[in-house]
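The values are calculated or read from the model by the stated rules, or taken from the named source; none is laboratory data. Only a predicted model underlies this, so the values are computations on that prediction, with no experimental measurement involved. Glycine also receives a Cβ, built like all others from the backbone with ideal geometry; neighbour counts cover every protein chain displayed.
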Amino acid sequence: MTLNIGIKILSSVSIIILTFSSIGNKRSEEKSESFYHKKYDTLSEIELAKMFDEERKYFDSSCTEETKKAYEDIKRNKLVFFHYFGMVESFKGNAEMNSLLKNYKIEVDSALYYCTIPSSLQNCYARIMRKEIDRKFGPKFIDSLRQISEIQYVKNNPDKIYRFEECDMVSRYPGDKDYNDFFVNSKRDFWKKTEYPIDYEFRKEQDLYSYISADFILYKNGKIDDIKTYLSFQNKKNYKFASYFINQLKNFIKNTHWIPAKSSGIPVNSEMKITIHFK
């Protein structure tokens, strides 16, 4: 049986919640609620040290039980691969990955990873299972299946519009040699084609920056669609030039020969965003 144990430490400004997944542990049921709800400003250093020591003992005990259970399952030829969620790298093709693992008689489960719990004391069952999978099939086995599953996901979803960050880190702006070149070169080229109106009032040193931005869809055939613009001037007098700058940005987007985004090396439809700051 799997239990989710929540340890809450309350302070005057924030609540830190530590959630730990473990194999059933009766000790948690015996603890009073006061163990899980403490105010930092009401505890002495000795009391805090004692509380953290209790937490450490609990995590140690839970990890020991998970470790024992993992080795027992391995002896029964049971292998389980875990998808991690939380502060970890995410993947698109989990369903495709599950199908591939099934061919090797590897079961699938999921686990949460928390930066607030020592890594050596969380997901102990999952960690031992991964070591056994690597030992049995090789250290590159999971990575190779991941690559296949990510490619298969893209092929299975040909019409999906991917978020900007879901795509490969390759620039979609023509002539760029590096991913980060887009943020510099697109602005440079925009201002080559756009002049400030004569009575435009420029930013003073202490003022915040004004900007114009646009979201749009870049299809894998190079077509542009659904341009949405956003504009903000710190100096309200400059709003009389709003339509001028909006049209300039729309024309710039439409006339640029964008390079379609890729995911796992395959051209895909993607969301795009461009932001231009004013002087």
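The set of residues in the stretch 228-260 that are farther than 17 Å from Lys187 by Cβ and within 28 Å of the chain's Cα centre (by Cα) comprises Lys228, Ile259, Pro260. Scanning the stretch 82-92 finds one or more residues that are within 30 Å of Ser62 (Cβ to Cβ), surrounded by 15 or more Cβ atoms within 10 Å (Cβ to Cβ) and among the hydrophobic types (A, V, I, L, M, F, W, C). Annotation note: of Cys63, Cys115, the sole residue that is in a loop (DSSP other than H, G, I, E, B) and modelled with pLDDT under 90 is Cys115. Scanning the stretch 139-198 for residues that are at pLDDT below 95, out of contact with any strand residue (DSSP E or B) (no Cβ under 6 Å at 6 or more places or on another chain) and among the aromatic types (Phe, Trp, Tyr) gives Tyr173, Tyr179, Phe182, Phe183. Checked against the criteria, Arg127 does not count as part of a helix (DSSP H, G or I), among the charged types (D, E, K, R), exposed (fewer than 12 other Cβ atoms within 10 Å of the Cβ) and more than 19 Å from the chain's Cα centre (by Cα). When the stretch 140-160 is filtered for residues that are buried (at least 17 other Cβ atoms within 10 Å of the Cβ) and closer than 13 Å to Ser270 by Cβ, only Val154 remains. Remark: pairs (first residue in the stretch 181-195, over 14 Å from Asn251 (Cβ atoms); second residue at pLDDT 95 or above and surrounded by 15 or more Cβ atoms within 10 Å (Cβ to Cβ); Cβ separation under 8 Å; 6+ apart in sequence or on different chains) = Lys187/Ile276.
Among the numbered conditions (1) crowded, with 16+ Cβ neighbours inside 10 Å; (2) more than 17 Å from Arg163 (Cα to Cα); (3) not hydroxyl-bearing (Ser, Thr, Tyr), the only one that Asn247 does not meet is (1). Suppose the filter is surrounded by 17 or more Cβ atoms within 10 Å (Cβ to Cβ), of a type outside the set (Lys, Arg) and touching a residue at least 40 places away in the same chain (Cβ under 8 Å); does Ala111 pass it? It is true that Ala111 is surrounded by 17 or more Cβ atoms within 10 Å (Cβ to Cβ), of a type outside the set (Lys, Arg) and touching a residue at least 40 places away in the same chain (Cβ under 8 Å).
Please count how many residues of the stretch 257-275 are crowded, with 17+ Cβ neighbours inside 10 Å and farther than 21 Å from Asp159 by Cα. Going through the stretch 257-275 one residue at a time, the tally reaches 1.
Enumerate the strands (runs of 3 or more DSSP E) found wholly within the stretch 201-279, keeping only those where 3 or more residues are of a type in the set (Ser, Thr, Tyr).
224-232
Screening Lys136 against (1) under 25 Å from Glu166 (Cβ atoms); (2) charged (D, E, K, R); (3) modelled with pLDDT of 95 or more; (4) out of contact with any Ser or Thr (no Cβ under 6 Å at 6 or more places or on another chain) leaves a single unmet condition, (1).
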